[in-house]
Amino acid sequence: MRPTPAALSPPEMIDAGRGLTALITGASAGIGAALARTYAEKGWDLVLTARRAGPLEALAQTLRRDHGIEVSVIPADLAEPDASAGLVEAMAAQGLTIDALVNNAGFSRTTGFLATDPADHAAMVRVMLSAPIELSRLLIPGMVERGFGRVLNVASLAGLMPATGGDTLYGPIKGFLIKASAGLHLELQGMGVHVTALCPGYTLTEFHDVNGSRDQVSSAYPAWMWQTADHVARVGYAAVEANRARVVPGWRNTLLAAIPKLLPDAVALKIIGGHARRLKRI
Ligand SMILES: NC(=O)c1ccc[n+]([C@@H]2O[C@H](COP(=O)([O-])OP(=O)(O)OC[C@H]3O[C@@H](n4cnc5c(N)ncnc54)[C@H](OP(=O)(O)O)[C@@H]3O)[C@@H](O)[C@H]2O)c1
């Protein structure tokens, strides 16, 4: 028998004294930290995770002070095979119930497939694919049982675009996440659990510093192509509350995602391939 979905919205539940807790991965920087601020503004308690404990603790302190919410910090390296299970165990040991899972942690390598360390390839797959799947499988059953849950998967516009060379695995990994999110979104309809893929375009975070492409992308792409992490986070939060399968922040990015679908595949691939060459990735 299907459980009855919760009749109240998150603000109504929080006002009624039913605290809600969101787990946010990759919360030490960028979009993850912005999502933590967005959830905190809405009154959610939080569990923040990433590898760097320092920035997580600093963010947790600010959010506790500014919003009077409970914030737990559990550092974890999601590239480690047992990380998801360890994280879920650590939360259970603290008596935490997770009502929203935000799979946000991620990074890319733009050095080209053959020049990238195989360990980095494995870490990309683990952090951006395996961990979201494992955390979903571990945490969604409880959400279904309680008739309330939210899963926000931070994918990318790259997952909706033709393939690019140079960061060869990144787009396909995000494409997988978008399609898996859509499947789960359908599977959980009517159970009170919303699943959404958030597909941002270029966003001002540490992402392009970490992959070493800051100078290239800053000179290649004009200011209008860049969005702030706070804007992306607000769009993602609204979309998962509205139970949308997928959201692309901004009309320009929505248009960019639509154009290749109107072109023959070979033409779209050539145009996007040229883009990777302009960035001197291949
Ligand atoms: N910025 C963009 O233009 C853009 C566009 C579309 C999609 N995205 C996606 O948005 C998400 C967030 O990226 P961002 O732009 O906010 O980048 P960011 O500022 O570099 O933040 C990435 C976050 O992921 C965490 N992370 C990386 N590797 C990890 C690991 N092995 N284990 C645990 N956490 C790890 C980092 O924390 P630690 O280093 O402390 O571990 C950090 O908190 C990613 O999934 C990215 O693919 C970004």
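Worth a mention:
- With contributions of -39500 (n - 2.57) from each DSSP H run of at least four residues, the per-residue ellipticity at 222 nm computed over the chain stands at -14500 deg cm²/dmol.
- Low-density loop positions, chymotrypsin sites (Phe, Trp or Tyr not before Pro), the range 167-204 - DSSP coil, at most 10 other Cβ in 10 Å: none
- Cα gyration tensor, the range 1-99 - rounded (a/c under 1.5), prolate or oblate: oblate
- Helix 30-41 axis versus longest C-alpha principal axis of the chain: approximately 30°, rounded to the nearest ten.
- Cβ-derived FRET efficiency at R0 35 Å, Phe107 paired with Ser9, nearest 0.05: 0.55
- Using alpha-carbon coordinates, inclination of helix 53-67 to the longest axis of the chain, degrees: 50 degrees
- Packing rank of 225-231, 12-18, 113-119, where each peptide gets the mean count of other beta carbons within 10 Å, highest leading: 225-231, 12-18, 113-119
- Set of aspartates and glutamates with alpha-carbon distance to Lys42 below 16 Å, sequence-local pairs under 8 removed: Glu12, Asp15, Asp66, Glu70, Asp99, Asp230, Glu241
- Highest to lowest packing among 207-220, 143-156, scored as the average C-beta count within 10 Å: 143-156, 207-220
- Nearby aspartates and glutamates by direct alpha-carbon distance to Lys179 (threshold 15 angstrom, same-chain neighbours under 8 apart not counted): Glu187
- Listed by chain and number, the aspartates and glutamates placed with their C-alpha closer than 17 angstrom to that of Lys270 are Asp167; residues fewer than eight positions away on the same chain are left out.
- Cα gyration tensor, the chain - rounded (a/c under 1.5), prolate or oblate: prolate
- With Cα atoms, 0 to 90° folded angle of helix 83-93 axis to the chain main axis: 20 degrees
FYI, it's all coordinate maths here, none of it is from the lab. What you are looking at is a predicted structure, and each value in this text was computed from that prediction instead of being measured. Neighbour counts are summed over all protein chains in view; Cβ atoms, including those assigned to glycine, are modelled from backbone coordinates with ideal geometry.
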